[in-house]
Amino acid sequence: MSKTKTSKHKSTHRVPVYQRPWVVVIFFLAMAVAVVLALLFIKPNTTTVDVPIDENPSSNTETTPKPDKPDESTEEEPDKTTQYEGEDPNTLERLTGSLTRKGVDDGVLTIVAVIDQYLQAPGYCTISLKDTNGQIVYTASRDAMPDVTASICDAFEIPVTGFASGTYKIEIDLSGDGKQGIITDEVEL
């Protein structure tokens, strides 16, 4: 009878690190901890507004006439219209928007405004740049073109090399689809 030769050495075949059960378990535990921490630290930006309700419906009607232009208003306009999640900005009575870019490069102030509403036809954006005394130092108009869900004013490129240093008020009058609105902001030159 012949004896079979057996090796006294163990197999040197190693299991790759990613196939070891403890590595997989630690990976999934780390992912779960990361998700829990992200949920704890990321809080949704929610605000609540209390609106008083008048029991007498006849007193809810407005009796004062509205001014035709925003300049004739005696009250200050709010900086931005409050928009709630799920609210359709196209149903608002006024156009709203914001600046997506304002900055000075090589002596040219570039301002880009976005209108929250989708305009059915091209509209207009008219910018007025006012100095600290309220005097208009620059004015121009650009087309507002509808985009996917909003509208965009063509970029305003204002040469500011001759302007004095200081804070300037930006007012952009919006018009389109029979609606009006205004965007206000400031820029430091």
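The values are calculated or read from the model by the stated rules, or taken from the named source; none is laboratory data. On a predicted model such as this, the values are computed, not experimentally measured, just so you know. Cβ placement follows ideal geometry from the backbone for every residue including glycine, while neighbour counts extend to all protein chains displayed. Just so you know, the surface numbers come from the protein's heavy atoms only, side chains and all, with ligands and any DNA or RNA stripped out. Shrake-Rupley method; radii C 1.70, N 1.55, O 1.52, S 1.80 Å.
Tabulated data for the structure shown
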| quantity | calculated |
| --- | --- |
| Tally, over region 128-153, of residues that are among the aliphatic types (A, V, I, L, M) and open to solvent by less than 50 Å² (accessible area, probe 1.4 Å) | 4 |
| Residue match in region 161-175 (condition: touching a residue at least 60 places away in the same chain (Cβ under 8 Å), open to solvent by 50 Å² or more (accessible area, probe 1.4 Å) and touching a strand residue (DSSP E or B) at 6+ places or on another chain (Cβ under 8 Å)) | yes |
| Selection within region 121-148 - outside any strand (DSSP E or B) and charged (D, E, K, R) | 131, 147 |
| Counted residues, region 152-171 - those being within 16 Å of residue 123 (Cβ to Cβ) and touching an Asp or Glu at 6+ places or on another chain (Cβ under 8 Å) | 2 |
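Each row is one residue, and each column tells you yes or no for (1) under 29 Å from residue 166 (Cα atoms); (2) under 21 Å from the mean Cα position of the chain (by Cα).
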{"residue": "97", "(1), (2)": "yes, yes"}
{"residue": "108", "(1), (2)": "yes, no"}
{"residue": "119", "(1), (2)": "no, yes"}
{"residue": "122", "(1), (2)": "no, no"}
{"residue": "127", "(1), (2)": "yes, yes"}
{"residue": "145", "(1), (2)": "no, yes"}
